[in-house]
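K.L.:
Take a look at this one; I'll ask things after.
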Amino acid sequence: MKVLVVNCGSSSLKYQVIDSESEEVLAKGLCERIGIDGRLVYQKTGADKETTEAAMPTHKQAIQMVLDAIANPNTGCIASLKEIGAVGHRVVHGGEKFADSVVLTEEVLKAVEDCNDLAPLHNPANLIGIRACKELMPDVPMVGVFDTAFHQTMPERAYIYGLPYEYYEKYKVRRYGFHGTSHSFVSKQVAKTEGRQDLKTIVCHLGNGASICAVNAGKSVDTSMGLTPLEGLIMGTRSGDIDPSIMEFIAKKENLDIAGVMNVLNKRSGVEGISGVSSDFRDLEAAAESGNERALLAIEAFSYRVAKYVGAYTAAMNGVDVIAFTAGIGENTAIVRRQVLSYLGYLGITMDEAANAKRGEDYFTISTPDSKVKVVVVATNEELAICRETVALVR
Ligand code: ADP
């Protein structure tokens, strides 16, 4: 079966067409600036990228352009849209309602809508994309895959905040966690490759957004993001954990309202805020190498926070067998992995320097054979994970 995987944001939409049998990507691309002016990027695997500037006032028009591109008689990756057997949609927040992926019926869409409050920037955009796809492909089954679903196995002691309990009862204020599709995919890859289902694994998803997950025997037992993706690690532009009182302090000093403070915490903080250089680790590494001390500080603070979470999650699981690094930084930035592991000697971890310098493999070990904890680098693939979930449900 061929599966269209869609990740719809408020003004952009990423897509892939995947052959579920061979798990090959047939084509991928994105629509940008939906509702502004509009640009479609389409790349058939093995061919050059094509960019078309075209008005796409609505998401429906954007999706129509994607469908036209993938089924184009000359450059398309499929002969006809009839080949698309299912569409898998990324949905950011499933609240407590969704502990698994689900076929998107009208009733389910209403339940997703009920979670909009929890992710006001993301869920409405996801829903617009789903509705547009349903209109254009009314006979094709659609599946929703939630960023939060994998973490629904967390015990109450891990997801409850130290707040009045009534906020949980009335408003469902609790830890949900995100990147669940990636944490699930990577921990499964580890279990499969290491040939053990009972592993205690700590997955470090280090991308522009970053989170850590403690996975015990395949189940998420704790994770660093919270009610929203702002909690936890220091990220590209997000602060991660801070003393909540800083918000009032900064609001007064900088004369900001709550929205202004939230904007600072989401968009002007993290490694970009610390360094004043960039949120991109390639820029930070280059700046640090040429002697920029704040860029070096940003990398060090980032790695130190990761190491502290690894320590916390080792305690949460009373041990750890495998630490897995994934996503843009986890897969590519050797200096971060080296710095993180430099704090973890007490766990009996020793790193293989030459292995840590490797790149471009989907799965490799960077600890030495006698290390007490195995440390691996695993390429995440959220689109493939969505494709697998989609096929499993529509079959
Ligand atoms: P997201 O999906 O959250 O946007 P990614 O997983 O793509 O994030 O990760 C983005 C981060 O990964 C950026 O900080 C970028 O610098 C870093 N990154 C990506 N590729 C490389 C690379 N080849 N070398 C170093 N860092 C990289």
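K.L.:
Cβ-Cβ distance below 9 Å, separation of 6 or more or different chains: which pairs start in the stretch 268-285 with a residue that is without any contact (Cβ under 8 Å) to a residue 12 or more places away in the chain and more than 9 Å from G236 (Cβ to Cβ) and end on one that is part of a loop (DSSP other than H, G, I, E, B) and within 8 Å of the ligand (Cβ to nearest atom)?
P.N.:
These pairs meet every condition: R282/T333.
K.L.:
Does E272 meet the test of being under 16 Å from N208 (Cα atoms), out of contact with any Pro (no Cβ under 6 Å at 6 or more places or on another chain), of a type in the set (D, E) and within 16 Å of the ligand (Cβ to nearest atom)?
P.N.:
Spelling it out, E272 is indeed under 16 Å from N208 (Cα atoms), out of contact with any Pro (no Cβ under 6 Å at 6 or more places or on another chain), of a type in the set (D, E) and within 16 Å of the ligand (Cβ to nearest atom).
K.L.:
Can you find even one residue in the stretch 201-223 that is under 28 Å from K372 (Cα atoms), over 20 Å from the mean Cα position of the chain (by Cα) and outside any helix (DSSP H, G or I)?
P.N.:
So far as the stretch 201-223 goes, yes, one or more of its residues are under 28 Å from K372 (Cα atoms), over 20 Å from the mean Cα position of the chain (by Cα) and outside any helix (DSSP H, G or I).
K.L.:
Within the stretch 7-102, considering only strands (runs of 3 or more DSSP E) that don't extend past its boundaries, which have at least 1 residues that are modelled with pLDDT of 95 or more and of a type in the set (A, V, I, L, M, F, W, C)?
P.N.:
Per the criteria, 13-19, 24-32, 39-44, 84-91.
K.L.:
Just checking, which of Y363, Y346, Y313, Y309 is in contact with a helix residue (DSSP H, G or I) (Cβ under 7 Å, 6 or more places away or on another chain), more than 16 Å from the ligand (Cβ to nearest atom) and of a type outside the set (V, I, T)?
P.N.:
Y363
K.L.:
Which ones in the stretch 125-180 are in contact with a Ser or Thr (Cβ under 7 Å, 6 or more places away or on another chain) and among the β-branched types (V, I, T)?
P.N.:
V143, V145, T153
K.L.:
Only residues that are surrounded by fewer than 20 Cβ atoms within 10 Å (Cβ to Cβ) and either over 11 Å from A307 (Cα atoms) or free of Cβ contacts under 8 Å to residues at least 12 places away in the same chain (or both): list them for the stretch 332-341, please.
P.N.:
Those that are surrounded by fewer than 20 Cβ atoms within 10 Å (Cβ to Cβ) and either over 11 Å from A307 (Cα atoms) or free of Cβ contacts under 8 Å to residues at least 12 places away in the same chain (or both): N332, A334, I335.
K.L.:
Here's something else I'd like to know. Taking into account only those residues within the stretch 214-244 that are closer than 18 Å to Y168 by Cα and of a type in the set (D, E), which is surrounded by the fewest Cβ atoms within 10 Å (Cβ to Cβ)?
P.N.:
Ranking the qualifying residues of the stretch 214-244, first place goes to E231.
K.L.:
Could you tell me whether any residue of the stretch 287-296 is at negative phi and either within 11 Å of the ligand (Cβ to nearest atom) or touching a strand residue (DSSP E or B) at 6+ places or on another chain (Cβ under 6 Å) (or both)?
P.N.:
no
K.L.:
Let me ask you something else. Being of a type outside the set (V, I, T), surrounded by 23 or more Cβ atoms within 10 Å (Cβ to Cβ), under 15 Å from T390 (Cβ atoms) and modelled with pLDDT of 95 or more is the requirement here; does A149 meet it?
P.N.:
Yes, satisfied.
K.L.:
In this structure, is L227 within 21 Å of the chain's Cα centre (by Cα), hydrophobic (A, V, I, L, M, F, W, C), at pLDDT 95 or above and not in a strand (DSSP E or B)?
P.N.:
yes
The values are calculated or read from the model by the stated rules, or taken from the named source; none is laboratory data. Since we're looking at a predicted model, the values are computed, not measured. Glycine gets a Cβ as well: all are built from the backbone with ideal geometry, and neighbour counts include every protein chain shown.
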